[in-house]
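Quick notes on the structure that follows.
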Amino acid sequence: MKKNNIVIVVIAFFILVGCNQNNLNNKGKIKLKDSTKNSKEIVFKNDNQEINYNNLEEFVGKDGNEGIYKFKVPNGLFKRSSTNEFTSELLEAKINYKFIQTDRFDEQGIFSKKDLIRNYKSKIKTTYFLDKNDWFVLSGTDSENRIIYVKGFYEELVSMQGQDEGEPSWLWSKSGILEIRYTEKHKKEFDKLIPIIIKSFKCDWWAN
């Protein structure tokens, strides 16, 4: 009889241990589930407002001699805050368009594309640079430690009147520059946005 009692006690012990272990496992799963649920409530706000990178809207600017410039962004992400400035509250970012026209007699102006690029590089800690025929792209960080991407178009206007005596006379230049500024906090989103904005940015100097 005593032997049977011992066996029953041992069996009961293992059953009890097994039940407790199941309870611990179940509690662990519940805790993990609750933790996941809570994290969704405090996740970065972009997860609560989906950015559709395929649904794009186009911003178009026009002002006097500037002709027309345009670029695309996901629909509703940016709003025009002034004539040539666009802001995103969601991403705490700004896009600015700048137009520069320089007469060849303007000693304080930008005389060439090299001057324009040098001017930007003096203000930006440059980490990327691409120079093409009539445009360039550079990126880095500005004086406020924000990430900045710049794409600029450049064109020289010349006179052929003096070509018999040598090189044509340079009269003036036009530059159209798009600046995109954002913080490291939103780098993940802009890694997808930058190619869209940069590739879609165009300037048409002669458009009415």
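At 0.36 nm per residue, minus the direct Cα-Cα distance, what do D204 and K70 gain on full extension? Give it in nm, one decimal, please.
47.4 nm
Sum up the charges of everything whose Cβ sits under 14 Å from the Cβ of S122, counting Lys and Arg as +1 and Asp and Glu as -1, but leave S122 out.
It works out to a net charge of +3.
What pairs from K94/K125; K79/K132; K123/K188 go past 27 Å between their alpha carbons?
K79/K132
Net charge around R146, counting only other residues with Cβ within less than 13 Å of its Cβ (Lys, Arg = +1; Asp, Glu = -1)?
+1
Readers should treat all values here as calculations from the given coordinates under stated rules, not as data from a laboratory. Model, not experiment: these values are computed from the prediction. For neighbour counting, all protein chains shown are included, and Cβ atoms are generated from backbone atoms with ideal geometry for every residue, glycine included.
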